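Written below as C-alpha coordinates is the structure these notes are about.
The values are calculated or read from the model by the stated rules, or taken from the named source; none is laboratory data. Here the structure is a predicted model, which is why all the values come from computation and not from measurement. Backbone-built Cβ (ideal geometry, glycine too); neighbour counts: all protein chains shown. With ligands, DNA and RNA removed, areas are computed over all heavy atoms of the protein, side chains included. Shrake-Rupley method; radii C 1.70, N 1.55, O 1.52, S 1.80 Å.
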Amino acid sequence: MGAIISRFAPAPTGFLHLGHVVNAVYVWRETRARGGRVLLRIEDHDRQRSRREYEAEILDDLAWLGFEADAPPVRQSERGEIYAAALNDLRRKGLVYVCGCSRAEIVMAALKGCATADTATAVPLAQPFRPADSDPCYPGTCRDRGLAEAPGLGLRVRLEPTVERFVDLRHGLQEQRPSEQCGDLLVKDREGNWTYQFAATVDDHVQGVTLVVRGDDLLASTGRQIQLARLLGRTEPPLFLHHPLIMKSAHQKLSKSDRDSAIRELRAKGWTPAEVVERALALVDKSDGGRDFPYDSGS
(Lines give C-alpha, C1' and ligand atoms only; values in the text may rest on other atoms or scores of the structure.)
Protein backbone atom coordinates (compact mmCIF):
# COMPACT_ATOMS: atom_id res chain seq x y z
CA MET A 1 0.00 0.00 0.00
CA GLY A 2 2.96 2.33 0.36
CA ALA A 3 3.22 5.16 2.86
CA ILE A 4 0.74 5.14 5.74
CA ILE A 5 -1.29 8.34 5.92
CA SER A 6 -4.14 8.73 8.38
CA ARG A 7 -6.32 11.63 9.47
CA PHE A 8 -8.02 13.10 12.50
CA ALA A 9 -11.20 14.74 11.27
CA PRO A 10 -13.31 16.57 13.87
CA ALA A 11 -16.48 18.42 12.95
CA PRO A 12 -16.56 21.94 14.48
CA THR A 13 -20.17 21.67 15.58
CA GLY A 14 -19.25 21.58 19.27
CA PHE A 15 -16.29 21.41 21.62
CA LEU A 16 -13.78 18.56 21.79
CA HIS A 17 -14.90 15.87 24.26
CA LEU A 18 -13.56 12.64 25.73
CA GLY A 19 -14.85 10.59 22.81
CA HIS A 20 -12.64 12.65 20.49
CA VAL A 21 -9.69 11.95 22.77
CA VAL A 22 -10.22 8.20 22.38
CA ASN A 23 -10.26 8.62 18.61
CA ALA A 24 -7.13 10.79 18.69
CA VAL A 25 -5.27 8.18 20.76
CA TYR A 26 -6.20 5.49 18.27
CA VAL A 27 -5.36 7.63 15.23
CA TRP A 28 -1.95 8.79 16.42
CA ARG A 29 -0.82 5.52 17.96
CA GLU A 30 -1.97 3.25 15.13
CA THR A 31 -0.41 5.59 12.58
CA ARG A 32 2.86 6.15 14.44
CA ALA A 33 3.20 2.40 15.07
CA ARG A 34 3.27 1.98 11.29
CA GLY A 35 5.68 4.88 10.72
CA GLY A 36 2.93 6.97 9.15
CA ARG A 37 1.77 10.58 9.02
CA VAL A 38 -1.39 12.11 10.52
CA LEU A 39 -3.34 14.79 8.67
CA LEU A 40 -5.77 17.14 10.37
CA ARG A 41 -9.03 17.75 8.50
CA ILE A 42 -11.74 20.07 9.77
CA GLU A 43 -15.01 18.55 8.55
CA ASP A 44 -17.08 21.73 8.39
CA HIS A 45 -19.18 20.72 5.38
CA ASP A 46 -22.33 21.44 7.43
CA ARG A 47 -22.46 25.21 7.04
CA GLN A 48 -25.51 25.58 9.27
CA ARG A 49 -23.96 23.94 12.35
CA SER A 50 -20.21 24.52 12.00
CA ARG A 51 -18.63 27.42 13.91
CA ARG A 52 -15.13 28.89 13.66
CA GLU A 53 -15.08 29.38 17.44
CA TYR A 54 -15.52 25.64 17.89
CA GLU A 55 -12.69 25.01 15.44
CA ALA A 56 -10.38 27.34 17.37
CA GLU A 57 -11.16 25.57 20.64
CA ILE A 58 -10.64 22.14 19.04
CA LEU A 59 -7.21 23.13 17.73
CA ASP A 60 -6.24 24.61 21.09
CA ASP A 61 -7.36 21.49 22.97
CA LEU A 62 -5.47 19.19 20.59
CA ALA A 63 -2.29 21.20 21.06
CA TRP A 64 -2.74 21.14 24.85
CA LEU A 65 -3.22 17.35 24.79
CA GLY A 66 -0.07 16.93 22.71
CA PHE A 67 -1.60 15.64 19.48
CA GLU A 68 0.42 17.21 16.68
CA ALA A 69 -0.48 16.71 13.03
CA ASP A 70 2.13 16.42 10.30
CA ALA A 71 0.66 19.13 8.07
CA PRO A 72 -1.42 22.29 8.47
CA PRO A 73 -5.16 21.63 8.82
CA VAL A 74 -7.45 21.70 5.79
CA ARG A 75 -11.11 22.74 5.91
CA GLN A 76 -13.82 21.07 3.89
CA SER A 77 -15.56 24.45 3.57
CA GLU A 78 -12.59 25.56 1.43
CA ARG A 79 -12.55 22.49 -0.82
CA GLY A 80 -15.72 23.07 -2.83
CA GLU A 81 -13.89 23.05 -6.17
CA ILE A 82 -12.40 19.64 -5.39
CA TYR A 83 -15.84 18.21 -4.58
CA ALA A 84 -17.39 19.83 -7.66
CA ALA A 85 -14.70 18.27 -9.87
CA ALA A 86 -15.34 14.84 -8.34
CA LEU A 87 -19.09 15.29 -8.84
CA ASN A 88 -18.53 16.22 -12.50
CA ASP A 89 -16.54 13.01 -13.00
CA LEU A 90 -19.54 11.07 -11.73
CA ARG A 91 -21.88 13.15 -13.91
CA ARG A 92 -19.89 12.22 -17.01
CA LYS A 93 -20.40 8.58 -16.09
CA GLY A 94 -24.17 9.10 -15.87
CA LEU A 95 -24.26 8.34 -12.16
CA VAL A 96 -25.69 11.59 -10.75
CA TYR A 97 -29.35 12.55 -10.55
CA VAL A 98 -31.50 15.17 -8.84
CA CYS A 99 -33.59 14.19 -5.83
CA GLY A 100 -36.56 16.17 -4.53
CA CYS A 101 -37.47 13.88 -1.62
CA SER A 102 -37.72 15.21 1.90
CA ARG A 103 -36.45 13.18 4.85
CA ALA A 104 -40.01 12.52 5.98
CA GLU A 105 -40.90 11.11 2.55
CA ILE A 106 -37.82 8.87 2.59
CA VAL A 107 -38.65 7.59 6.06
CA MET A 108 -42.16 6.63 4.96
CA ALA A 109 -40.92 4.94 1.79
CA ALA A 110 -38.09 3.17 3.62
CA LEU A 111 -40.59 1.46 5.90
CA LYS A 112 -41.67 -0.60 2.89
CA GLY A 113 -38.56 -2.72 2.65
CA CYS A 114 -35.06 -1.23 2.80
CA ALA A 115 -32.54 -2.55 5.34
CA THR A 116 -31.38 -0.23 8.09
CA ALA A 117 -27.91 1.29 8.04
CA ASP A 118 -26.55 -0.89 10.82
CA THR A 119 -27.21 -4.24 9.13
CA ALA A 120 -25.26 -6.37 6.64
CA THR A 121 -21.99 -6.87 8.50
CA ALA A 122 -20.36 -10.28 8.34
CA VAL A 123 -19.40 -10.18 12.02
CA PRO A 124 -22.28 -9.54 14.46
CA LEU A 125 -21.38 -6.50 16.54
CA ALA A 126 -22.88 -5.27 19.78
CA GLN A 127 -24.16 -1.86 18.71
CA PRO A 128 -26.52 -0.45 21.33
CA PHE A 129 -25.92 3.03 19.94
CA ARG A 130 -27.52 4.65 16.93
CA PRO A 131 -24.99 4.45 14.06
CA ALA A 132 -23.68 7.86 13.05
CA ASP A 133 -24.99 7.39 9.51
CA SER A 134 -28.28 5.68 10.30
CA ASP A 135 -30.44 7.69 7.93
CA PRO A 136 -33.25 5.68 6.31
CA CYS A 137 -32.49 3.72 3.18
CA TYR A 138 -33.35 5.67 0.03
CA PRO A 139 -35.71 3.63 -2.19
CA GLY A 140 -34.83 5.32 -5.50
CA THR A 141 -37.96 7.47 -5.85
CA CYS A 142 -36.30 10.10 -8.08
CA ARG A 143 -33.85 7.82 -9.87
CA ASP A 144 -35.65 7.96 -13.20
CA ARG A 145 -37.66 11.17 -12.85
CA GLY A 146 -35.14 13.32 -14.73
CA LEU A 147 -35.52 16.35 -12.47
CA ALA A 148 -33.51 19.44 -13.35
CA GLU A 149 -31.02 20.80 -10.84
CA ALA A 150 -32.42 23.70 -8.84
CA PRO A 151 -32.10 25.27 -5.38
CA GLY A 152 -33.81 23.21 -2.71
CA LEU A 153 -33.12 19.90 -4.43
CA GLY A 154 -30.48 17.31 -3.55
CA LEU A 155 -28.09 15.28 -5.67
CA ARG A 156 -27.58 11.52 -5.46
CA VAL A 157 -25.14 9.00 -6.93
CA ARG A 158 -26.44 5.70 -8.25
CA LEU A 159 -25.15 2.66 -6.39
CA GLU A 160 -25.47 -0.64 -8.21
CA PRO A 161 -25.95 -3.84 -6.19
CA THR A 162 -22.50 -4.91 -5.00
CA VAL A 163 -21.07 -6.86 -2.12
CA GLU A 164 -18.21 -4.93 -0.54
CA ARG A 165 -15.78 -7.08 1.45
CA PHE A 166 -12.99 -5.66 3.58
CA VAL A 167 -10.98 -6.63 6.63
CA ASP A 168 -11.35 -4.31 9.58
CA LEU A 169 -8.13 -4.29 11.60
CA ARG A 170 -10.12 -4.84 14.80
CA HIS A 171 -13.30 -6.67 13.79
CA GLY A 172 -11.95 -8.85 10.99
CA LEU A 173 -13.73 -9.73 7.75
CA GLN A 174 -16.77 -7.59 6.95
CA GLU A 175 -19.34 -7.86 4.18
CA GLN A 176 -21.73 -5.03 3.32
CA ARG A 177 -24.28 -4.36 0.59
CA PRO A 178 -24.53 -0.55 0.29
CA SER A 179 -27.45 -0.51 -2.15
CA GLU A 180 -29.49 -2.42 0.44
CA GLN A 181 -28.19 -0.51 3.46
CA CYS A 182 -28.56 3.06 2.26
CA GLY A 183 -29.71 3.11 -1.36
CA ASP A 184 -28.34 5.71 -3.76
CA LEU A 185 -26.00 8.03 -1.88
CA LEU A 186 -26.93 11.64 -1.19
CA VAL A 187 -23.87 13.70 -2.10
CA LYS A 188 -25.33 17.21 -1.83
CA ASP A 189 -28.30 17.98 0.38
CA ARG A 190 -31.27 20.28 -0.19
CA GLU A 191 -29.48 23.14 1.62
CA GLY A 192 -26.52 22.90 -0.76
CA ASN A 193 -24.17 21.18 1.72
CA TRP A 194 -21.81 18.45 0.62
CA THR A 195 -22.62 15.37 2.67
CA TYR A 196 -20.25 13.61 5.05
CA GLN A 197 -20.21 10.42 2.96
CA PHE A 198 -19.20 12.26 -0.20
CA ALA A 199 -16.77 14.84 1.22
CA ALA A 200 -14.94 12.32 3.44
CA THR A 201 -14.59 9.82 0.59
CA VAL A 202 -13.32 12.43 -1.86
CA ASP A 203 -10.90 13.85 0.70
CA ASP A 204 -9.51 10.44 1.65
CA HIS A 205 -8.93 9.75 -2.04
CA VAL A 206 -7.41 13.12 -2.94
CA GLN A 207 -5.29 13.35 0.21
CA GLY A 208 -3.95 9.83 -0.25
CA VAL A 209 -5.28 8.54 3.07
CA THR A 210 -4.33 4.87 3.44
CA LEU A 211 -5.49 4.23 7.02
CA VAL A 212 -8.92 5.29 8.30
CA VAL A 213 -9.26 5.05 12.09
CA ARG A 214 -12.68 5.93 13.50
CA GLY A 215 -15.40 4.81 15.92
CA ASP A 216 -17.62 1.76 15.66
CA ASP A 217 -20.60 4.00 14.90
CA LEU A 218 -19.14 4.57 11.41
CA LEU A 219 -18.45 0.93 10.56
CA ALA A 220 -21.63 0.74 8.46
CA SER A 221 -20.33 3.61 6.28
CA THR A 222 -17.34 1.67 5.06
CA GLY A 223 -18.83 -0.38 2.23
CA ARG A 224 -20.56 2.57 0.62
CA GLN A 225 -17.40 4.68 0.87
CA ILE A 226 -15.34 1.91 -0.72
CA GLN A 227 -17.87 1.67 -3.57
CA LEU A 228 -18.03 5.44 -4.04
CA ALA A 229 -14.23 5.72 -4.02
CA ARG A 230 -14.05 3.06 -6.72
CA LEU A 231 -16.52 5.04 -8.84
CA LEU A 232 -14.23 8.05 -8.37
CA GLY A 233 -11.26 6.08 -9.68
CA ARG A 234 -9.62 4.78 -6.53
CA THR A 235 -8.20 1.34 -7.26
CA GLU A 236 -7.21 0.28 -3.73
CA PRO A 237 -9.23 1.26 -0.66
CA PRO A 238 -7.55 2.35 2.56
CA LEU A 239 -7.16 0.11 5.58
CA PHE A 240 -9.91 0.55 8.17
CA LEU A 241 -9.91 0.26 11.94
CA HIS A 242 -13.09 0.91 13.92
CA HIS A 243 -12.56 1.34 17.64
CA PRO A 244 -14.89 1.14 20.65
CA LEU A 245 -16.80 4.17 21.90
CA ILE A 246 -17.42 5.86 25.21
CA MET A 247 -21.02 5.07 26.08
CA LYS A 248 -22.94 7.62 28.14
CA SER A 249 -25.65 5.01 28.72
CA ALA A 250 -26.49 1.51 27.58
CA HIS A 251 -28.05 2.90 24.41
CA GLN A 252 -26.38 6.25 23.83
CA LYS A 253 -22.83 7.15 22.91
CA LEU A 254 -21.10 10.27 24.17
CA SER A 255 -21.86 13.46 22.23
CA LYS A 256 -20.76 17.06 22.00
CA SER A 257 -23.70 18.10 24.16
CA ASP A 258 -22.22 16.38 27.23
CA ARG A 259 -20.61 19.35 28.90
CA ASP A 260 -19.08 17.31 31.70
CA SER A 261 -16.95 15.52 29.11
CA ALA A 262 -15.81 18.66 27.26
CA ILE A 263 -12.03 19.06 27.33
CA ARG A 264 -12.27 22.80 27.90
CA GLU A 265 -14.40 22.15 31.01
CA LEU A 266 -11.91 19.64 32.39
CA ARG A 267 -9.03 22.02 31.71
CA ALA A 268 -10.85 24.74 33.64
CA LYS A 269 -11.12 22.34 36.58
CA GLY A 270 -7.35 21.89 36.63
CA TRP A 271 -7.05 18.50 34.93
CA THR A 272 -3.72 17.69 33.24
CA PRO A 273 -3.47 16.27 29.70
CA ALA A 274 -2.41 12.89 31.11
CA GLU A 275 -5.43 12.81 33.43
CA VAL A 276 -7.78 13.62 30.55
CA VAL A 277 -6.36 10.84 28.36
CA GLU A 278 -6.45 8.36 31.23
CA ARG A 279 -10.07 9.24 31.97
CA ALA A 280 -11.08 8.88 28.32
CA LEU A 281 -9.50 5.44 28.00
CA ALA A 282 -10.99 4.27 31.28
CA LEU A 283 -14.49 5.04 29.97
CA VAL A 284 -14.17 3.16 26.68
CA ASP A 285 -16.89 0.56 26.26
CA LYS A 286 -15.48 -2.99 26.28
CA SER A 287 -18.71 -4.90 25.78
CA ASP A 288 -18.05 -5.95 22.17
CA GLY A 289 -17.17 -9.59 22.61
CA GLY A 290 -14.39 -9.05 25.12
CA ARG A 291 -12.16 -6.96 22.91
CA ASP A 292 -10.12 -4.71 25.16
CA PHE A 293 -8.68 -1.32 24.41
CA PRO A 294 -5.16 -2.20 23.23
CA TYR A 295 -3.26 0.60 24.92
CA ASP A 296 -1.86 1.21 28.36
CA SER A 297 -3.46 4.48 29.42
CA GLY A 298 -0.38 5.29 31.47
CA SER A 299 1.93 5.27 28.49
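For this structure, a couple of remarks:
- Charge context of VAL96, other residues only, Cβ under 12 angstrom, K/R +1, D/E -1: +4
- Largest to smallest accessible area among SER6, SER102 [probe 1.4 Å]: SER102, SER6
- The figure for LYS269 is an accessible area of roughly 140 square angstrom, using a 1.4 Å probe on the protein chains alone.
- Annotation note: GluC sites (Glu not before Pro) in region 51-114 located in DSSP loop regions with a Cβ neighbour count of at most 11 within 10 Å are GLU68.
- Loop-located GluC sites (Glu not before Pro) in region 137-238 whose Cβ has at most 16 other Cβ within 10 Å (DSSP): GLU149, GLU191
- Full-stretch length increase - LYS93, ARG145 - with 0.36 nm per residue and alpha-carbon distance subtracted: 16.9 nm
- In nm, spacing of pseudo-spin labels at ALA85 and VAL206 (7 Å Cα→C-beta vector): 0.7
- In order along region 199-209, phi translates into HN-Hα couplings of 4, 5, 5, 4, 4, 4, 5, 5, 7, x, 5 Hz, rounded to whole numbers, per the Karplus curve 6.51 cos²θ - 1.76 cosθ + 1.60 with θ = phi - 60° and x for Gly and Pro.
- Among the trypsin sites (Lys or Arg not before Pro) in region 128-197, those located in a DSSP loop and surrounded by at most 14 other Cβ atoms within 10 Å of their own Cβ are ARG143, ARG145.
- Coarse-grained scattering of region 165-243 at q = 0.13, 0.17, 0.19, 0.24 Å⁻¹, given as base-10 log I(q)/I(0) from a Debye sum over alpha-carbon atoms: -0.38, -0.65, -0.82, -1.28
- Radius 13 Å from Cβ of GLY35, net charge of other residues (Lys, Arg +1; Asp, Glu -1): +2
- Here's how it looks for ASP46: its modeled amide H is under 5 Å from none belonging to a residue 5 or more places away or on a different chain.
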